[in-house]
Amino acid sequence: MRKFLILIGLVIFTVSCTSTSEKSVEEDRVVSEEKSLSIQAILDSNKLNGSVLILDDSLHKFYSNNFEWSKKSQLPASTFKIPNSIIGLESGVVNDSTIFKWDGEKRFLKSWEEDLNLAQAFKRSCVPCYQEVARGVGVDNMKEWLNKIGYTGMVVTPDSIDTFWLTGNSRISPLEQIHFLRKLDKKQLPISSKTYAKMRDIMLLETGLNYELRAKTGWSQDGKENGWFVGYLEIEGKTYYFATNVEPKADFDMSNFGKIRSIVTKESLSVLGIL
């Protein structure tokens, strides 16, 4: 893993915010916050605005370059494929044998132009596939399940059932993303063990000698370019949850926006000595 050493050498600059605390996903615990100038330097060097929010679950501590941004709500974009998958599985709309058939029409990405199973559709972020899932779930069932799993802030109507996470008024913050991901990982959602196992399977993005990384990207273009990378890292017996939300500065090369979200997240984990 490439270390971020260009701007800050071997020194990690952090400002500890000991007077500020954040109520965590567990109602009975309070976690501390530590502002990281190192993470801010990573975003600056990559010509990005936004925040990288990381929760060290064992220390009950959040790290971020910008805690205000981490509380700002944005369209979930394709990060919604996480709850959409859960709801689809729990509703019986999809299962292990589901195949999303390609209709032969040209699609936005070439990788979507073939029949895909659920894991492939998730990893390739196939929008038409997951629009099919949402339509199969339906408006009322979608609302009911979003409430059950605590994924609030979505505005679901008959007209928007297959687009509400991409455009419109649905919103979620990086902090809320981490709250939801932690509940999923800790098996605190009202879903079956089979669904938990399937989600661990399809979310697995990267493995190393001592770690597993589960994550999902997202990119909305509803009036502005806004990108996500959310998930969690399991390494040496510890779990770190993260939610990166960034927007390009005026001089950013948009041809790199697809990959930069995961890059700055991994660099942030690295500069904190986690990965």
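The values are calculated or read from the model by the stated rules, or taken from the named source; none is laboratory data. As the structure is a computational prediction, the values presented were derived from the model and not from experiment. Because the Cβ atoms are built from the backbone with ideal geometry, glycine has one as well, and the counts that use them run over all protein chains shown.
Brief remarks on what is shown
- Residue that is farthest from I86 (Cα to Cα), among those in segment 136-164 that are part of a loop (DSSP other than H, G, I, E, B) and among the β-branched types (V, I, T): T157
Every residue, every condition in (1) surrounded by 14 or more Cβ atoms within 10 Å (Cβ to Cβ); (2) β-branched (V, I, T); (3) in contact with a helix residue (DSSP H, G or I) (Cβ under 8 Å, 6 or more places away or on another chain), yes or no:
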position	(1), (2), (3)
N169	no, no, no
P190	no, no, yes
I202	yes, yes, yes
E206	no, no, no
L209	no, no, no
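- Subset of segment 91-103 [in contact with a helix residue (DSSP H, G or I) (Cβ under 6 Å, 6 or more places away or on another chain) and of a type outside the set (A, V, I, L, M, F, W, C)]: S91, T98
- Set side by side, the residues V264, V246 differ, and just one is among the aliphatic types (A, V, I, L, M) and part of a strand (DSSP E or B), which is V246.
- Segment 171-181, subset part of a helix (DSSP H, G or I) and in contact with a helix residue (DSSP H, G or I) (Cβ under 7 Å, 6 or more places away or on another chain), residue farthest from T79 (Cα to Cα): L175
- Screening the candidates V15, V31 for the property of being at pLDDT 75 or above, aliphatic (A, V, I, L, M) and in the same structural domain as N245 (by TED's automatic domain parsing) yields one hit, V31.
- Qualifying residue in segment 212-228 (condition: part of a loop (DSSP other than H, G, I, E, B), on the phi < 0 side of the Ramachandran plot and among the aliphatic types (A, V, I, L, M)): no
- Residue in segment 207-216 that is more than 20 Å from S85 (Cβ to Cβ) and acidic (D, E) present: no
- Highlighted here are the helices (runs of 4 or more DSSP H) found entirely within segment 53-123 that include at least 1 residues which are surrounded by fewer than 24 Cβ atoms within 10 Å (Cβ to Cβ) and assigned by TED's automatic domain parsing to the domain that holds T265: 67-70.
- Among the residues here, D140 does not qualify as more than 15 Å from V93 (Cβ to Cβ) and of a type in the set (D, E).
- Residues that are closer than 19 Å to A77 by Cβ, modelled with pLDDT of 95 or more, exposed (fewer than 14 other Cβ atoms within 10 Å of the Cβ) and not assigned by TED's automatic domain parsing to the domain that holds I54 occur in segment 222-236; there is at least one.
- Long-range neighbours under 7 Å by Cβ, at least six apart or interchain, first residue closer than 23 Å to T167 by Cβ within segment 51-76, second among the basic types (K, R): S73/R171; Q74/R171; L75/R171
- Residue pairs meeting the criteria (Cβ under 9 Å; at least 6 apart or on separate chains; first of a type in the set (S, T, Y), in segment 88-109; second assigned to a loop (DSSP other than H, G, I, E, B)): S91/G138
- Answer residue from segment 237-253, given it is among the small types (G, A, S) and over 15 Å from the mean Cα position of the chain (by Cα) and is surrounded by the fewest Cβ atoms within 10 Å (Cβ to Cβ) among those: A250
- Residue within segment 182-189 that is in a loop (DSSP other than H, G, I, E, B), among the charged types (D, E, K, R) and more than 14 Å from the chain's Cα centre (by Cα) present: yes
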